[in-house]
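Asker: Quick one: this structure, given as structure tokens, is what I'll be asking you about.
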Amino acid sequence: MSDVGRALGVHRVLEPSGVLPQAAWRLDADPAIGSDEVRLALQRLNLDAASFRQLSEACGGDGSAVRAAVLETVRARGKMQNAVTGSGGMLIGVVDAVGPRSPLGLAVGQRVATLVSLTLTPLAITDGLAGWDGRSEQVPARGTAILFARSIAAVLPDDLPDAVSLALLDVCGAPAATARVVERTGARSVVVLGAAGKSGCLSLAAARAAGSTHLTGLVRDDREAVALSATGLADRVLVADATDPLAVAAVVGAPAEVTVVCVDAPGAEHGAVLATSAGGTVVFFSMATSFSAAALGAEGMAADVTMLIGNGYTPGHAALALDLYRATPGVRALIDPRVAA
């Protein structure tokens, strides 16, 4: 096996052969590590919003059924990857073994959050998720996870609660991608769909810090509108169903130069395109996004927009999200209650 293949974790793929770990159906989660790997002792999983929502809806809100579904997924696949959404999440753990050739710079005893998806992380759960009621995205867990030479992890900050750090680092790619687009395009007007959520509020703060001067936050109901309005993160707060493209277009009015999609439900693609001006940019930062719906929909609307898929990694993304939380009371006002709940 080539050095590149091993660094990417191909040696852990059980089936099908010839794919990378994220695309694999099943991984080898053996806790015995190779010379270039790191083993973490699990403390907490964070399921991504789209995956948790799908599981909860599929199980009719039955927490025990959600827990059973997660356990079965990890048992069968050697990783946490929702078969419907294709997404997973990330985790917190303690480094308990480091191979002598690992380039990650981690040391035994460090508490870290993984900045790579659970969909490509070999995972074994040993406690049956006994401490989780199946009703929240954050999942207390015991077991092991494996990091490869090309994996990314951040040492947890000492000044923030673990639950807050996990919530921030789970979505840290969104504000970083938003800031990069705003800086590159010089966009002054930005619309964020799903603006009251974790990634949404951070994206608003990132756009403001990057120079945008006209920020619109679109939320799904009056309760979220009241909460977002109180933070001052957005200059306009609108209520509409993000999956109803005509409703989105009607409330947004004059399209924005940049639209950021942070909605955890499918169907927001067309509304996002309609909310974006000719020559503008749409950043899809949601695991519920359909590439075909976005591409074919834009074509059918004769919409001249650049569409970007946020891949969850931008250099410096973890530090940016943590700093935005520390420096922005409005972000804390939305994230802290969500984490506490």
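The values are calculated or read from the model by the stated rules, or taken from the named source; none is laboratory data. Just so you know, these numbers come straight off a predicted model, no measurement behind them. Neighbour counts are summed over all protein chains in view; Cβ atoms, including those assigned to glycine, are modelled from backbone coordinates with ideal geometry.
Asker: Just checking, how many residues over the stretch 43-101 are closer than 23 Å to LEU168 by Cα and part of a loop (DSSP other than H, G, I, E, B)?
Answerer: Qualifying residue count for the region: 9.
Asker: Does GLY186 satisfy the condition of being farther than 20 Å from HIS270 by Cα, of a type in the set (Gly, Ala, Ser) and more than 17 Å from the chain's Cα centre (by Cα)?
Answerer: Yes; evaluated as a whole, the condition is true for this residue.
Asker: Filter the stretch 157-200 for residues that are closer than 24 Å to VAL252 by Cα and among the hydroxyl-bearing types (Ser, Thr, Tyr); which is surrounded by the most Cβ atoms within 10 Å (Cβ to Cβ)?
Answerer: Residue satisfying both the conditions and the ranking: THR178.
Asker: Another question, then. For SER292, state whether it is without any contact (Cβ under 8 Å) to a residue 40 or more places away in the chain and of a type in the set (Ser, Thr, Tyr).
Answerer: Answer is yes for this residue.
Asker: Given the criteria out of contact with any strand residue (DSSP E or B) (no Cβ under 8 Å at 6 or more places or on another chain), within 22 Å of LEU238 (Cα to Cα) and assigned by TED's automatic domain parsing to the domain that holds GLY312, does LEU296 qualify?
Answerer: no
Asker: Is the stretch 50-67 home to any residue that is surrounded by fewer than 16 Cβ atoms within 10 Å (Cβ to Cβ), charged (D, E, K, R), under 18 Å from GLU137 (Cβ atoms) and in contact (Cβ under 8 Å) with a residue 40 or more places away in the chain?
Answerer: Checked the stretch 50-67: at least one residue is surrounded by fewer than 16 Cβ atoms within 10 Å (Cβ to Cβ), charged (D, E, K, R), under 18 Å from GLU137 (Cβ atoms) and in contact (Cβ under 8 Å) with a residue 40 or more places away in the chain.
Asker: Within the stretch 162-181, is even one residue at pLDDT 95 or above and of a type in the set (D, E, K, R)?
Answerer: Yes, there is a match, as at least one residue in the stretch 162-181 is at pLDDT 95 or above and of a type in the set (D, E, K, R).
Asker: Scan the stretch 34-58 residue by residue and report those that are of a type outside the set (D, E, K, R), farther than 24 Å from GLY128 by Cβ and touching a strand residue (DSSP E or B) at 6+ places or on another chain (Cβ under 7 Å).
Answerer: VAL38 - this is the single residue of the stretch 34-58 that is of a type outside the set (D, E, K, R), farther than 24 Å from GLY128 by Cβ and touching a strand residue (DSSP E or B) at 6+ places or on another chain (Cβ under 7 Å).
Asker: Additional query: Can you tell me which residues in the stretch 296-325 are closer than 16 Å to CYS201 by Cβ and without any contact (Cβ under 8 Å) to a residue 40 or more places away in the chain?
Answerer: Of everything in the stretch 296-325, just one residue is closer than 16 Å to CYS201 by Cβ and without any contact (Cβ under 8 Å) to a residue 40 or more places away in the chain, namely ASP323.
Asker: Step by step: first the residues of the stretch 1-30, then only those that are in contact with a Phe, Trp or Tyr (Cβ under 7 Å, 6 or more places away or on another chain) and in contact (Cβ under 8 Å) with a residue 60 or more places away in the chain, then the one that is nearest to ILE125 (Cα to Cα). Which residue is that?
Answerer: Of everything passing the filter in the stretch 1-30, GLY9 is nearest to ILE125 (Cα to Cα).
Asker: Okay, next question. Which numbered condition in (1) touching a residue at least 60 places away in the same chain (Cβ under 8 Å); (2) farther than 15 Å from VAL283 by Cα is the only one that ALA206 fails?
Answerer: With (1) touching a residue at least 60 places away in the same chain (Cβ under 8 Å); (2) farther than 15 Å from VAL283 by Cα applied to ALA206, the lone miss is (2).
Asker: Are any of the residues in the stretch 124-135 in the same structural domain as VAL38 (by TED's automatic domain parsing) and within 24 Å of PRO266 (Cβ to Cβ)?
Answerer: yes
Asker: Another one. Would it be correct to say that ALA278 is in a strand (DSSP E or B) and out of contact with any strand residue (DSSP E or B) (no Cβ under 6 Å at 6 or more places or on another chain)?
Answerer: yes
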